[in-house]
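Read through the structure below, which is laid out as structure tokens, and then see the notes.
FYI, it's all coordinate maths here, none of it is from the lab. The shown structure was predicted, so the numbers you read here are calculated from the model rather than taken from an experiment. Cβ atoms come from the backbone with ideal geometry, glycine included; neighbour counts cover every protein chain shown.
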Amino acid sequence: MNKVLLFFVWISLIACSESTQPKPSGFLALDYEEANYSKVDLECPFTFEKNEVSTVEYQNPNQPCWINLNYPRMKAKIYLTYSPVEENLRALLIDAQKLPEKHTIKADQIEVSVYQNQEKQSFGNFYEVEGDAASQALFYMTDSTSHFLTGSVYFEVQPNYDSILPAASYIKKDLRHLVETLEWR
């Protein structure tokens with residue numbers, strides 16, 4: 001009888017226990033408002049359109065055309081650096097092309113797109129970086145004679161690609177729009 005009672009106790013304990021089931025992966029759902037762009041007209045030899053959710057900040061008072069587009073909600077900035085071309089185009093191009101190379105250590109992939117707009121006399125490269133690199137997008141633009149502009153996106157957090165992907169994708173679109181609307185004076 002003890003064996004039968006013990007058997008029923010054992011069955012009831014097993015039947016009442018909850019089996020552990022693996023939980024499905026959860027994804028962070030971040031929705032950002034649709035971008036509205038407005039023209040930025042600073043006292044610089046270029047103009048462009050920026051997303052209205054970003055604010056303009058000056059990086060250095062001694063370099064008035066070194067500016068940041070700040071995205072406080074995303075803890076991100078687009079750093080823009082202007083340099084005049086004064087028989088130094090080759091050096092500027094070499095420096096601009098070295099910057100994406102610095103991200104190859106942490107990047108899974110870097111895609112480059114060549115940008116050319118004959119009408120606006122704008123030429124350059126746009127780099128999209130995938131992985132845990134410090135910057136998710138970079139570019140340089142020039143008119144080949146007088147103007148040179150570089151830009152890069154940085155987040156104020158540890159670069160964990162999966163975590164920053166929604167914000168990085170949003171800002172990459174803004175950066176591409178900036179490049180497409182860039183005009184030299």
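The label-point distance for ASN160 and GLU57, in a model that sets each label 7 Å from Cα toward Cβ, rounds to 2.3 nm. A cut-off under 13 angstrom between Cβ atoms defines the neighbours of VAL85, and their net charge, with Lys, Arg +1 and Asp, Glu -1, is -3. Spin-label pair GLU119-LEU42: with each label point 7 Å from Cα along the Cα-Cβ axis, the two points sit 2.6 nm from one another. Simple spin-label estimate for LEU99 and ALA35 gives 1.7 nm between the two label positions (7 Å along the Cα-to-Cβ direction from each Cα).
When +1 charges are put on Lys and Arg Cβ atoms and -1 charges on Asp and Glu Cβ atoms, the dipole computed for segment 51-184 relative to its Cα centre reaches about 220 debye. Only alpha carbons enter this Debye calculation for the chain, each as an equal point scatterer, and the log10 of I(q)/I(0) it gives at q = 0.12, 0.14, 0.18 Å⁻¹ is -0.61, -0.80, -1.23.
For LYS173, the lysines whose Cα comes closer than 17 Å to its Cα, not counting residues fewer than 8 places off in the same chain, are LYS39, LYS50, LYS75, LYS77. Of all lysines in the structure, those lying under 16 Å Cα to Cα from LYS106, and not within fewer than 8 positions of it along the same chain, are LYS98.
Sequence-distant contacts, meaning Cα pairs under 8 Å at least 6 residues apart, place the relative contact order of segment 86-147 at 30 percent. Applying both filters, DSSP loop and at most 13 other Cβ atoms within 10 Å, to the GluC sites (Glu not before Pro) of segment 114-163 gives GLU119, GLU156. Overall form of segment 110-157: prolate. Here a/c, set by the Cα gyration tensor axes a ≥ b ≥ c, is 1.5 or more, and a/b is the larger of a/b and b/c. Taking a straight Cα-Cα cut-off under 16 Å and skipping sequence neighbours fewer than 8 places away in the same chain, the aspartates and glutamates within cross-link reach of LYS120 are GLU49, ASP143, GLU180, GLU183.
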